[in-house]
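Asker: Starting off with a structure, shown below.
Every number in this text was worked out from the coordinates using simple rules, so none of it is lab data. What you are looking at is a predicted structure, and each value in this text was computed from that prediction instead of being measured. Please note: Cβ atoms are built from the backbone with ideal geometry, for glycine as well, and neighbour counts cover all protein chains shown.
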Amino acid sequence: MPADLPSGGALTREDVAHLAGLARIDLTAAELDHLAPQLAVILESVAKVAEVAHGDVPATSHPLPLSNVFRSDDVRPGLTAEEALANAPEVEQQRFSVPRILGADE
Amino acid sequence: MTAATLLSYDDALARFDPVLGLEVHVELNTASKMFCACPTTFGAAPNSQVCPVCLGLPGALPVLNERAVAAAIRIGLALNCSIAAECRFARKNYFYPDMPKNFQTSQYDEPIAYDGWTEVAVDEAAYRIEIERVHMEEDTGKSLHVGGATGRIHGASHSLVDYNRAGIPLIEIVTKPIIGTGAAAPVVARAYVTHLRELLLSLGVSDVRMEQGSLRCDANASLRLGQDAPFGTRTETKNVNSLRSVERAVRYEICRQAAVLTDGGTVTQETRHWHEDTGITTPGRSKEQAEDYRYFPEPDLAPIAPDVAWVEQLRATLPEGPGRRRSRLQAAWGFSDLDMRDVVGAGALALVEQTIGAGAAPAAAKKWWLTELARRANEQGVELAELPVGPEQVAQVQALIDTGRINDKLARSVFDGLLAGEGTPEEIVAARGLEVVSDETALGAAVDRAIEANPGAADKVRAGKAAAAGALIGAVMAEMRGQADAGRVRDLILAKLSP
Amino acid sequence: MDDTIRASAADLAAAMQAGEMSSVEITQAQLDRIAEVDGDLHAFLHVDADGALATAKRVDDARAAGEAVAALAGVPIAIKDVVVTRGLPTTCGSHILEGWIPPYDATIVTRLRQAGLPILGKTNMDEFAMGSSTEHSAYGPSRNPWDLGRIPGGSGGGSAAAVASHQAPLAIGTDTGGSIRQPAAVTGTVGAKPTYGGVSRYGLIALASSLDQAGPVARTVLDAAMLHELLGGHDPLDSTSLDAPVPALVDAVRDADVAGLRVGVVRELGGEGYQRGVRARFDEVVGLLTDAGAEVTEVSCPHFDYALAAYYLILPSEASSNLAKFDAMRYGLRVPPDGVADPSAEQVMAATRAAGFGDEVKRRIILGTYALSSGYYDAYYGSAQKVRTLIQRDFAAAFDQADVLLSPTAPTTAFRFGEKLDDPVAMYLNDIATIPANLAGVPGISVPSGLADEDGLPTGVQVLAPARADDRVYRVGAVIEALLVERWGGTLLARAPSVTGTR
């Protein structure tokens, strides 16, 4: 059973805050206030899928049955470094400059 | 960072039974990346080997590299795994600047190969390591952390990201818990990774150069109260960048965890970072909330269903297993079991093989790698394969000895020169003037001088005590600064002093 | 209004082929029309006059030199801003991509360029294709040419408005839950969603990877067929693209005939919740088809009642993952957090995404993150994927009984701006008839079915066919179009109020 969300059940303001953290979006207090009930309503309507989704029904992850779609191991030119960096907010030493990473393990 | 309290290794093993887990990531040596046609060559200018797909640009889509799949299947077969009849890729969702899509295309509950095993020999014993899974994923970009000490994340002001490496095919090999190693745990861990390296080399799927990152290892360790006790809490140690580090890190964690437990504490389940310079592990950043990867099947890639014919075709391409290869080489080289074990244990099998291939005699190849070069590698704290001396050069040095142009002692100076990057063995001999003097006249003159300076020894030789020639030989060698063939000198002395 | 801009793409192509008109003339006429009316309609986010005219000239020169050119060469086209165009700004209707100039072309754009269609510009859309009204565009809504106080549909309202107001004879749209078909219905135009995999997705900024398809937006079924044939076919850069040639769609349009065809009216896609005028026009179409020789029966697809629910779990889940790449590190908006000295990358990401994404996008990302999160996967995303299987089975059973299925395209005509903004679920209901086709991957087309009596606004009828049988939707769509044009004595669009610039 879901233990990760603070409420462990119906979607509360704290749950939404937790999810926003996972999704890396800073929600304002006002947004948290009005999002939680909106999401709860949506979730109620969509929860009805559980009514018909029984164990013996297989899930469909790909609408059309394709398999073994491969490419051969050939090299083709891609973007130049200039093209790759053209839209970068900041560039240094031909690399994408990003703010300090709090980071886990390297 | 201060080191944690440690229990002695013996104490730790007296009280606890170690359980290991090893996760090895292998970068494949395919020409192109996993999901796009960008080149994979190491060391290119930053961001010069990227395209919309591996840069994660909006709208780009992945297409799977068939050779990477073949390599994954071959690795699975070489590890005696079952190959999945059908499997899919999955998205592992988390945010990190070196991941262009902020999800990694990987495999979750459907690895391409699973439930295998491999056998690792350590001294007299053989350990059977169970393999949990082999799966495919893509590598991330590389970050340079600017402004902090030692280029690490802590204290960095910002980071610079290069995506050349993003999208290179990665195979992850995960063992099941490794039990029953007892005190040999660190050595078994190292031997397993060494063995895996050899296996992957023989398959030709990767360069497996730990120093270049094409082979990476995370070492998991935990302690339990006895061989039948339930598993303890394990830690995962990253930044284990060499075979040596595998052994040292495992050993350290055993000692550290033992101290914690003996003290009445509990081992924290965490990821730790190995520091090769100080020989300790430190905790990684503690996360307030465990990452929820929200895995789901990758909709942009079709499922893979390798048919039996293809798998069997790949099975037929497997090289002989390491055990059989070793037996064959041992017979060819005329080595004893002990010799062979020494070579394998030193991780020098491929190097010795290549040196022999370049013309050196087996005994000579073994000698140089296991004595002189092993000593130097140890001094510098690197693996044999990382020394700037290669099998070709070792063979060249031996060839110089074989043709009498230098001797063993002079060869050591040649190795000094090779390690210092002074050029080829030939060039170093010339530059440093290491050539053995073979001019008979010069040698004869030096012998005469030695005889004159050591009348006592000379008399003894004349009297038939050939052994006394040693002092005379020594005198000549000293004058020649070692640049003479001692055997030739001895012959000359005996000839001159014979009745 | 100048005849040039009223002409269909097929007629323009024929005129150019006959040497009666040049592409430059046609393109200039469209550009003039855009300048005249788009201030009011706001269909375009970016207009590329120079680029379009350069292509037009190139095509005219080629034709003059006697070179063979593609069927639609020289016919101007507008492209929904979700499609990546090299050198042209591509925003996806979002602030987070403001100023982004892609360094590459989508495969469908490459095909358009190779065929010599002048690209007039990029059209407006709901942000990241999430919406049914284009009110969620970060750049302001587009307006319905039939009534400037009403929505043009969404998410592809810009393309539909552009075509409906004669600013372009053709446009590209994308359809994830109805974003081509529903705007077509409420603007009196034609829009088709191909079989999933029928048209390449390489270069379509992904919303829901397993649902998205690009398709044609046009004023006639023939035009849509010609464009669809140009766009479709296998793409080695898209692993989900079908390895099969596009069916003969233009032939299907020209062969338009329904004698003996079995037509299934889907019980679950009609009735309560569908506006009276929409149903009335639909019933008339059914009558016309019957008179033309079709065998019309009712079919039931009981799991269609769960389609909306499944869709609003699958789409946000895939979208939450697809939109993670917008993080201020490599392109697009970068916004530092307020009042934080020396922010971390993580903080900049979160602040940027907060500033750059609109409400609907945030709503769906949070929803998707929830539906995928550990502990909830089975109940939500996992279950929704099972409902998908059930819907595919319903379609399969229905297609045993009928060659094509029929329904109204959308439950209502164009509503007024603001009417459904505060009620997300009410907004989602606009897609109730179009969503099942996306979940199953089957093709669908919307053709105009007339004006609703109560408000005089356009309605549309939807034709669905089995996967890979796109020719069938064009065949039946063409029949319906022909029968109605005959009955009306002209096209529906001919009755639209004229839009002239008020600037």
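Asker: How shielded is C:239-252 by partner chains, expressed as the average number of their Cβ atoms within 10 Å of its Cβ atoms?
Answerer: On the way: counts 15, 10, 4, 2, 2, 0, 0, 0, 0, 0, 0, 0, 0, 0.
Counting Cβ atoms of other protein chains within 10 Å of each residue's Cβ and averaging gives 2.
Asker: I'd like the distance separating the alpha-carbon centroids of region B:358-433 and region C:209-280, in whole Å.
Answerer: 73 Å
Asker: When we measure straight from the Cα of residue B:367, which lysines land under 26 angstrom away, once same-chain ones fewer than 8 places off are left out?
Answerer: B:409
Asker: Turning to a different aspect of this structure: Per residue, what volume in Å³ does the Cα convex hull of chain C take up?
Answerer: It is 144 Å³ per residue.
Asker: Checking a compactness column here: for region B:1-66, what do you get for Rg(Cα) / (2.2 N^0.38 Å), N being the number of residues?
Answerer: 2.03
Asker: Here's another thing I want to ask about it. Principal axes first, then extents: for the Cα atoms of region B:359-462, list largest minus smallest coordinate on each axis, whole Å, largest first.
Answerer: Computed over the Cα atoms, the extents are 52, 25, 25 Å.
Asker: To make sure I understand the rule: partners must be lysines, Cα under 18 Å from the Cα of residue A:48, and not fewer than 8 residues away in the same chain. Which ones qualify?
Answerer: Cross-link targets: C:386.
Asker: Report the charge-dipole magnitude of region B:440-497 in Debye, nearest 20, computed about the Cα centre from +1 at each Lys and Arg Cβ and -1 at each Asp and Glu Cβ.
Answerer: Details: 8 positive and 7 negative charges, 36 e Å.
For region B:440-497, the charge dipole is close to 180 debye.
Asker: Here's another thing I want to ask about it. Based only on the alpha carbon positions, what is the Kirkwood hydrodynamic radius of the protein assembly as shown, in angstrom?
Answerer: Values: mean 1/r = 0.0301 Å⁻¹.
Evaluated over the protein assembly as shown, this radius sits at 33.2 Å.
Asker: Another question, if that's okay. Calculate the FRET efficiency for residue C:101 and residue B:11 from the Cβ-Cβ distance with a Förster distance of 56 Å, rounded to the nearest 0.05. Intermediate results must be reported in sequence, preceding the final value.
Answerer: Numbers: r = 65 Å, r/R0 = 1.16.
Using R0 = 56 Å, I get an efficiency of 0.30.
Asker: Distance between Cα centroids, region A:40-80 to region B:301-327: provide it in whole Å.
Answerer: 29 Å
Asker: Let me ask something else. Kindly provide log₁₀ I(q)/I(0) values, in the same order as q = 0.14 Å⁻¹, from the Debye equation applied to equal alpha-carbon scatterers of region B:3-314.
Answerer: The Debye formula, applied to the Cα set alone, gives -1.16.
Asker: Could I ask something else about it? How compact is region B:440-497 by the rule of thumb for globular proteins, expressed as Cα Rg over 2.2 N^0.38 Å?
Answerer: 0.96
Asker: Tell me which GluC sites (Glu not before Pro) from region C:1-102 have a DSSP coil assignment and no more than 12 other beta carbons within 10 Å of their own. Mind showing how you got there, number by number?
Answerer: Values: sites: C:20, C:25, C:36, C:67, C:98; in loops: C:20, C:67, C:98.
The qualifying sites are C:20, C:67.
Asker: Additional query: Which order do the peptides B:340-346, C:185-191, C:88-94 take when ranked by the mean count of other beta-carbon atoms within 10 Å per residue, highest first?
Answerer: By packing density, highest mean first, the sequence is C:185-191, C:88-94, B:340-346.
Asker: Name the residue from B:349, B:359, B:223 whose Cα lies farthest towards the positive end of the charge dipole of chain B, charges +1 on Cβ of Lys and Arg and -1 on Cβ of Asp and Glu.
Answerer: The one lying farthest along the dipole's positive direction is B:359.
Asker: Could you give the dipole magnitude of region B:320-432 about its Cα centre, charging the beta-carbon of Lys and Arg +1 and that of Asp and Glu -1, in debye to the nearest 20?
Answerer: Working: 13 positive and 16 negative charges, 66 e Å.
Using only the charged Cβ atoms, the result is roughly 320 debye.
Asker: How are the Cα pair distances of region B:96-164 distributed, in percent, across 5 Å bins from 0?
Answerer: For region B:96-164, the pair-distance distribution reads 4, 14, 12, 12, 11, 10, 11, 13, 9, 3, 0.
Asker: Tell me whether region C:393-503 comes out rounded, prolate or oblate; compute the Cα gyration tensor, take square roots of the eigenvalues as a ≥ b ≥ c, and use a/c under 1.5 as the rounded threshold.
Answerer: Note, shape of region C:393-503 comes out oblate.
Asker: Could you give P(r) for region B:88-133, binned at 5 Å from zero, as whole percent values over all Cα-Cα pairs?
Answerer: 5, 18, 14, 14, 11, 12, 10, 9, 5, 1
Asker: Something else now. Find, among the trypsin sites (Lys or Arg not before Pro) in region B:409-490, those assigned to loop by DSSP (not H, G, I, E, B) with at most 15 other beta-carbon atoms within 10 angstrom.
Answerer: Here the trypsin sites (Lys or Arg not before Pro) that fit, given the DSSP loop and packing criteria, are B:465, B:481.
Asker: Restricting to DSSP H runs of at least four residues, report the calculated mean residue ellipticity at 222 nm for the protein assembly as shown, -39500 (n - 2.57) per run over all residues, nearest 500 deg cm²/dmol.
Answerer: -11500 deg cm²/dmol
Asker: A further question on this structure: About its Cα centre, how strong a charge dipole does chain C have in debye, to the nearest 20, once Lys and Arg get +1 and Asp and Glu get -1 at the Cβ?
Answerer: Values: 40 positive and 61 negative charges, 109 e Å.
Approximately 520 debye in magnitude.
Asker: Is chain A rounded, prolate or oblate when judged by the Cα gyration tensor, a ≥ b ≥ c being the square roots of its eigenvalues, rounded requiring a/c under 1.5 and prolate requiring a/b larger than b/c?
Answerer: Oblate, since a/c reaches 1.5 and b/c is not below a/b.
Asker: Further question: How many angstrom lie between the C-alpha centres of region C:405-463 and region C:92-133?
Answerer: 24 Å
Asker: Then there is this: From the Cα gyration tensor of region C:354-443, with a ≥ b ≥ c the square roots of its eigenvalues, which class applies: rounded if a/c is under 1.5, or else prolate if a/b is larger than b/c, or else oblate? Mind dumping the intermediate values first?
Answerer: Numbers: a/c = 3.13, a/b = 1.23, b/c = 2.53.
Taking the square roots of the gyration eigenvalues as a ≥ b ≥ c, region C:354-443 is oblate.
Asker: Please list, by residue number, everything in region B:11-46 whose backbone N is under 12 Å from a paramagnetic label point 7 Å out along Cα→Cβ of residue B:209.
Answerer: Only B:41-44 fall inside the zone, counting backbone N under 12 Å.
Asker: Let me ask something else about it. Which entries in the list B:92/C:420; B:92/B:176; B:101/B:238 go over 30 Å, if you measure between the two C-alpha atoms of each?
Answerer: From B:92/C:420; B:92/B:176; B:101/B:238, over 30 Å: B:92/C:420.
Asker: Of the options C:202, C:155, C:133, report the single residue whose Cα projects farthest towards the positive end of the charge dipole of region C:119-206 (beta-carbon charges: Lys, Arg +1; Asp, Glu -1).
Answerer: Sorting the options by dipole projection puts first C:202.
Asker: Are there chymotrypsin sites (Phe, Trp or Tyr not before Pro) in region B:1-84 that DSSP marks as loop and that have at most 16 other Cβ atoms within 10 Å, and which are they?
Answerer: Taking region B:1-84 and a limit of 16 other Cβ atoms within 10 Å, the loop chymotrypsin sites (Phe, Trp or Tyr not before Pro) found are B:42.
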